[in-house]
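Take a look at the structure set out below.
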Amino acid sequence: MTAPNRPKKILELSLIENAHSFVSEALAKAVTAEQSPGQWKFAILHLVQAIELSLKELLKQQHPVLIYKNVDKPDLTVSLEGALQRLKQVTSFELKPDESKALIFAAKVRNEIVHHEFKADPAELKPAFARLFGFLVDFH
């Protein structure tokens, strides 16, 4: 007996909804990290992704094509760093020096997590998470 054809259920999230789901996951991992320090890596990873998506949402509000690395060939979207640079060019968005430092650190850690071997002191990751979460709250 075969299963009847069922319509596909599509998971569709806007940029901001996607950012919010990453924030939720980041917070859940941060709570878990209190007992299992290895979870800080995932908390940071998800939080940085939420920040990147939030920055892209602000770019999209300016003009939808601005989220793309090459506006003439809209396929790849801008990186975290690219989003920050573009926001500075097209809006009044300006980072404070401590925010800039935190986001540069965040991008570096995220890149190490997903592209390389990862080594970090959990005692440094917890305050970094708090700093980044504070930025995201202020940004929203």
So who's got an amide H within less than 5 Å of the one on Tyr68, skipping anything under 5 residues away but keeping other chains? H placed 1.01 Å off N, in plane.
-> Val78
Could you check which residue among Val31, Val78, Val109 shows the biggest mean-square fluctuation in a GNM of the chain with a 10 Å Cα cutoff?
-> Val31
Cα centroid separation - segment 7-64 against segment 67-88, whole Å = 18 Å
Per residue value of the accessible surface for the chain (all protein chains in place, 1.4 Å probe), Å² = 66 Å²
Would you tally the net charge around Thr32, using a Cβ to Cβ cut-off of less than 13 Å, leaving Thr32 out, and scoring K and R as +1, D and E as -1?
-> +1
Taking just the C-alpha trace of segment 34-81, give me its Rg and Dmax in Å.
-> 14.3, 48
The chain: DSSP helices with Cα axial extent of at least 18 Å and average Kyte-Doolittle hydropathy no lower than 0.0 = 15-33, 40-62, 122-139
Kindly provide the helix-only [θ] at 222 nm of the chain, computed as the sum of -39,500 (n - 2.57) over DSSP H runs of four or more divided by all residues, to the nearest 500 deg cm²/dmol?
-> -22000 deg cm²/dmol
Pop out the Kirkwood hydrodynamic radius of the chain from its pairwise C-alpha distances, inverse of mean 1/r, in Å to one decimal.
-> 16.3 Å
Choose one answer from Leu53, Leu80, Leu95: the residue with the largest mean-square fluctuation in a GNM of the chain with alpha-carbon springs under 10 Å.
-> Leu95
So what are the ³J(HN,Hα) numbers for segment 63-68, from phi and the Karplus equation (6.51, -1.76, 1.60; θ = phi - 60°), rounded to whole Hz, Gly and Pro as x?
-> 5, x, 6, 5, 7, 8
Straight-line reach from Lys126: which aspartates and glutamates have a Cα under 19 Å away, not including same-chain ones fewer than 8 places off?
-> Glu25, Glu34, Asp98, Glu99, Glu112, Asp138
Calculate what fraction, in whole %, of the accessible area of the chain sits on carbon and sulfur atoms when a 1.4 Å probe is rolled over the protein chains.
-> 55 percent
So, counting K/R as plus one and D/E as minus one, what does the shell of residues with Cβ under 10 Å around Ala120 add up to?
-> -1
Summed over the other residues with a beta carbon less than 15 angstrom from that of Phe42, with K and R at +1 and D and E at -1, the charge totals +1
Over 27 Å between Cα atoms, which of Lys9/Lys108; Lys60/Lys101; Lys73/Lys119; Lys69/Lys96 qualify?
-> Lys9/Lys108; Lys73/Lys119
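The values are calculated or read from the model by the stated rules, or taken from the named source; none is laboratory data. Computed from a predicted structure; not experimentally measured. Quick reminder, even Gly has a Cβ in these numbers, built from the backbone with ideal geometry, and neighbours come from all protein chains shown. SASA here: full protein model, heavy atoms, side chains in, ligands and nucleic acids out. Shrake-Rupley method; radii C 1.70, N 1.55, O 1.52, S 1.80 Å.
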